[in-house]
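Presented below is the structure to which this report refers.
Laboratory data are not the source of any read-out in this text; all were calculated from the coordinates shown. The model shown is predicted, which means the values in this text are computed figures rather than measured ones. With ideal geometry, Cβ positions are generated from the backbone for all residues, glycine too; neighbour counts draw on all protein chains shown.
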Amino acid sequence: MISTVLDSKTIKKLYKRMVSIVGPENVHRQETDKVLNAHDAWPLSEAKLRAGEMLPLADLLVFPSSREEVAAVLVAANELEIPVTPVGGGAGTCGGTLPIYGGIQLDLKRMCEIYEIDDQSMTIRAQAGVVGIDLEEHANRHGYTLGHTPTSLRASNLGGFIATRSGGSMSSLYGKIEDLTLGLEVVLPDGSITKCKAAPRQSVGPDLRQLFIGSEGTLGVITEATLRLFPLPEERRFRSFTFPNVHSGLEAIRNIFRIGITPSIARLYDPEDAAMSFSMHFEFEEGHCMLLLGFDGDKVRVDFDERKSVDICAKLGGTDLGEGPSKRWWEHRYDMYYPTRLTTSGYAIGDTIDIVATYDKLERVYDSMKKAMEADDAIVMSHFSHMYQNGGSIYMIFFTSQPSAETAWATYKKIWDDGVAACLREGGTMSHQHGVGLSRSTYTEDELGSLFPVLKKIKEVLDPKGIMNPGKLGLGVRK
Ligand SMILES: Cc1cc2nc3c(=O)[nH]c(=O)nc-3n(C[C@H](O)[C@H](O)[C@H](O)COP(=O)(O)OP(=O)(O)OC[C@H]3O[C@@H](n4cnc5c(N)ncnc54)[C@H](O)[C@@H]3O)c2cc1C
């Protein structure tokens, strides 16, 4: 059993042990540091702090600089049965880094070395704590892109991307992080260091890399990774269309992918989100949806992809708005998400539920979730944000404003419960890119069904003392 509240004797012992591993300057125990790390970008954790509520704090913040130091920390934590919560950039939206049972927050930010670019194989190898934008800009200076451009690129780091199975805005063309990660180094809960070799693919049993991609710090600590690279595109072009309804917009996307074209960007905004995001800057008919398309590649390919896509959109009733809305979104994609704009003062709270479904279910999932969430006093607006050959994701944004903290937190929970239930009922999957963390932890069993015991068994084998990020991903939940 891991300890939930450490006594002062144990904290002293732990502090001494941590200092001996990473040095005194890299072990923090000040209250201010702990409070700053008590939340991530999960709107509920931020709203509760703003409302003056106290969140659980870590006992120590530890900043390792190498795989060996991470290993030594985990050996000590295992011996003393202390919870360890890894922290990447701290921009997760699901409370994954919240140290709900105290113990150590293991912050990887000092592990930010970029080791090498292999030009021949087009790969890049780096430590897990490197911030996304630093890695991307390093690749750019060598004529490459990671192809992984989540909106949190400036805030999140490599380990966090992999730990949450994240998806960038151009994932249709370049792939999601699980497609981009070739090699991986993970320190297991007992302190042993494991490596998955960088290989374009393998046929040696199940792909064990995928076990750790998306494990959210519950199965070990990611310390290094090798990612694929792509040459910077010769052309990057944008095109935008409005459609009279969600159905025709989705049909346009489905038909574009069906003939083998993979736009770098394919985002469809429903009427509410289109009005909110674009009506200030562009004129289009009220109640219409907005489709943003992007094309990357050499000129011949981009010409072809764009022409074919324009034909499909025109045939399905789209109105061509040129590059304007898409280009504007691209240029402002990093500054439109400031959390302060999402959750305002008082007991107004907003969040996003990102889900994914195949095309045959996508519209039903959208309609049912929207209906269920609106019935709970939520204002809902959505866009279909990451699209693929077989389906895509919906980014459902909701807001609610309540008279007291009590009703705000209860309404927020009901919106989530009913939204996720509607998604699962219609055959959707409850998370596309944000992971599970704490906010979706209680839904994991419903989502995974007969696979949930398998996940639990894997956890028990790799982490028998349950030290790694307890309470997240539906694992290690304590009463
Ligand atoms: C403004 C904004 C925009 C966003 N846009 C996107 C987007 O476009 N696409 C997308 O996918 N997500 C997006 N997110 C969500 C978030 O940024 C991603 O989930 C990101 O991958 C989290 O990385 P991080 O480094 O911030 O992780 P953190 O928040 O630090 O951690 C997330 C989880 O991973 C674990 N973890 C972190 N590092 C490690 C490690 N080295 N080893 C083991 N476990 C680890 C933590 O314990 C935690 O459970 C956005 C968030 C914000 C605030």
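Across all Cα atoms of the chain, the radius of gyration (one decimal) and Dmax (whole number) stand at 22.5, 72 Å.
In segment 176-314, the ratio of gyration radius to Kirkwood radius, Rg to Rh, stands at 1.13 when only Cα atoms are counted. Backbone N atoms of segment 29-71 closer than 11 Å to the 7 Å Cα→Cβ label point of LYS12 are not found in any residue. Here the gap between GLU81 and ASP303, fully extended at 0.36 nm per residue and compared with their Cα-Cα distance, gives a gain of 74.0 nm.
Taking 0.36 nm per residue of separation and subtracting the Cα-Cα distance, full extension of the segment from SER66 to SER404 would add 117.1 nm.
When only Cα pairs below 8 angstrom with a gap of at least 6 residues are kept, the chain shows a relative contact order of 16 percent. Extension gain, LYS197 to ALA421: 0.36 nm times the residue separation minus the Cα-Cα distance gives 76.7 nm. Size descriptor for segment 359-479, Kirkwood hydrodynamic radius: 15.9 Å (Cα pairs only, one decimal). For segment 214-317, the relative contact order is 39 percent, taking Cα pairs closer than 8 Å that sit 6 or more residues apart in sequence and dividing their mean separation by the residue count. Between the listed residues GLY214, ASN140, HIS434, the Cα displaced farthest toward the positive end of the dipole of the chain, a dipole computed from Cβ unit charges relative to the Cα centre, is found at GLY214. With K and R counted +1 and D and E -1, the other residues having a Cβ less than 11 Å from that of LYS414 yield a net charge of -3. Across segment 114-231, the relative contact order, built from alpha-carbon pairs under 8 Å that are at least six residues apart, equals 33 percent. Listed by number, the DSSP H helices of the chain that run 27 Å or longer by alpha-carbon position along their axis and have mean Kyte hydropathy of at least -0.5 are 405-425. Taking every DSSP beta bridge that has both ends in the chain, the antiparallel portion is near 90%. Of THR164, THR400, THR97, the sequence from fewest to most neighbouring Cβ atoms within 10 angstrom is THR400, THR164, THR97. For the pair segment 100-164 / segment 167-185, the C-alpha centres are spaced 12 Å from each other.
Residues of segment 225-243 falling in the label zone of GLU331, defined by backbone nitrogen less than 18 Å from a point 7 Å along Cα to beta-carbon, are 236-241. Each eigenvalue of the Cα gyration tensor of segment 243-380, multiplied by 5 and square-rooted, gives one semi-axis; in descending order these are 28, 19, 14 Å. Per residue, the convex hull spanned by the alpha carbons of segment 114-231 comes to 99 Å³.
Ordering GLY191, CYS423, THR411 by Cα displacement along the dipole of the chain toward the positive end leaves GLY191 in first place; charges were set at the Cβ atoms of Lys, Arg (+1) and Asp, Glu (-1).
Our note on the geometry: Cα centres of segment 233-271 and segment 446-467, 38 Å apart.
Label positions at ASP119 and GLU323, each projected 7 Å from the Cα along the C-beta direction, are separated by 3.0 nm. The tail of the calculated P(r) for segment 28-141 beyond 20 Å holds 50 percent of all Cα-Cα pairs.
With the convex hull constructed from alpha-carbon coordinates only, segment 86-135 shows a mean projected area of 4.4 nm² over all directions. Look at the Cα gyration tensor of segment 107-169: its axes a ≥ b ≥ c give a/c of at least 1.5 with a/b at or below b/c, and that counts as oblate. Each Lys or Arg adds one and each Asp or Glu takes one away; over the other residues whose Cβ falls under 15 Å from the Cβ of ARG165, this sums to -2.
Dividing the helix sum by the residues of the chain, where each DSSP H run of 4 or more adds -39500 (n - 2.57), gives a mean residue ellipticity at 222 nm of -10500 deg cm²/dmol.
Rounded to the nearest 20 debye, the dipole size of the chain about its Cα centre is 1000 debye, using +1 on the Cβ of Lys and Arg and -1 on the Cβ of Asp and Glu.
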